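Q: I am attaching a structure below and will ask some questions about it afterwards.
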Amino acid sequence: MGLGLSTESDEAEAMREVIGNEYGFRVHHVEPNSPGQQAGLQSILDYIVVANGSRLDKDDGTFVRMIQECKDGELRICVFNTHTLRTRETTLRPNDTWGGNGLLGVTIRFDLAQPVDKHTLRVLDVYQASP
């Protein structure tokens, strides 16, 4: 998986190569007005798989150190989206002045990329007066 955008002809190959085989940092939540939101990160669907040219296929603290080292600078990332089955490049600007907690304003977890239907709920019915 490179750092460029995938094409439509790459979709089937991306599915075979990434889903169930690739690790990355899954974006679970993105705070409003955060560096993560400014970079276009999407909750649940996005996996950060490359940072500053380094694959993020191990949870060994490297990504956390990179975020800290890039505080008030730029961190180039490659993101795989499980809905579109495409990668995209974006830039994070870690800082502690955006108005919330953390340098990115995102909740992430090291995880195996899963198909979108494995982590999406479908609401079939809503009962009256339910929360």
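Q: Restricting attention to the stretch 44-53, report how many residues are open to solvent by less than 50 Å² (accessible area, probe 1.4 Å) and free of Cβ contacts under 8 Å to residues at least 40 places away in the same chain.
A: Summing the residues that are open to solvent by less than 50 Å² (accessible area, probe 1.4 Å) and free of Cβ contacts under 8 Å to residues at least 40 places away in the same chain in the stretch 44-53 gives 2.
Q: Out of the residues in the stretch 21-43 meeting the condition of being among the hydroxyl-bearing types (Ser, Thr, Tyr) and open to solvent by 20 Å² or more (accessible area, probe 1.4 Å), tell me which one is modelled with the highest pLDDT. Outline the logic, then answer.
A: Residues of the stretch 21-43 among the hydroxyl-bearing types (Ser, Thr, Tyr): 23, 34, 43.
When the remaining residues are screened for being open to solvent by 20 Å² or more (accessible area, probe 1.4 Å), the result is 23, 43.
Working: Tyr23: 87, Ser43: 93.
The residue in question is Ser43.
Q: Here's something else I'd like to know. Could you list, ordered by first residue, the pairs with Cβ atoms under 7 Å in which the first is in the stretch 99-112 and more than 18 Å from Gly40 (Cα to Cα) and the second is of a type outside the set (Phe, Trp, Tyr), at least 6 apart or interchain?
A: Phe110/Asp59; Asp111/Arg26; Leu112/Gly20
Q: How many residues does the stretch 69-96 contain that are part of a loop (DSSP other than H, G, I, E, B), open to solvent by 10 Å² or more (accessible area, probe 1.4 Å) and not aliphatic (A, V, I, L, M)? Spell out the reasoning first.
A: As a first pass, look at the stretch 69-96 and keep what is part of a loop (DSSP other than H, G, I, E, B): 70-74, 82-85, 93-96.
Those still in the list that are open to solvent by 10 Å² or more (accessible area, probe 1.4 Å) too: 70-74, 83-85, 93, 95-96.
Applying the additional criterion that residues be not aliphatic (A, V, I, L, M) yields 70-74, 83-84, 93, 95-96.
Qualifying residue count, the stretch 69-96: 10.
Q: Shifting gears a bit: Can you list residue pairs whose Cβ atoms sit under 8 Å apart, with the first residue in the stretch 61-90 being in contact (Cβ under 8 Å) with a residue 60 or more places away in the chain and closer than 12 Å to Asp46 by Cα and the second being open to solvent by less than 30 Å² (accessible area, probe 1.4 Å) and of a type in the set (Asp, Glu)? Count only pairs 6 or more apart in sequence or on different chains.
A: Phe80/Asp46; Thr82/Asp46
Q: Would you pick out the residues in the stretch 80-108 that are touching a Phe, Trp or Tyr at 6+ places or on another chain (Cβ under 9 Å) and at pLDDT below 95?
A: Correct list: Phe80, Asn81, Thr82, Arg86, Thr87, Arg88.
Q: What is the one condition in (1) assigned to a helix (DSSP H, G or I); (2) crowded, with 20+ Cβ neighbours inside 10 Å; (3) of a type in the set (A, V, I, L, M, F, W, C) that Met66 does not satisfy?
A: Of the numbered conditions (1) assigned to a helix (DSSP H, G or I); (2) crowded, with 20+ Cβ neighbours inside 10 Å; (3) of a type in the set (A, V, I, L, M, F, W, C), the odd one out for Met66 is (2).
The values are calculated or read from the model by the stated rules, or taken from the named source; none is laboratory data. All values reported here derive from a predicted model rather than from experimental measurement. Here Cβ is always computed from backbone atoms with ideal geometry, including for glycine, and neighbour counts include all displayed protein chains. Heavy atoms of the whole protein, side chains included, go into the accessibility calculation; ligands, DNA and RNA do not. Shrake-Rupley method; radii C 1.70, N 1.55, O 1.52, S 1.80 Å.
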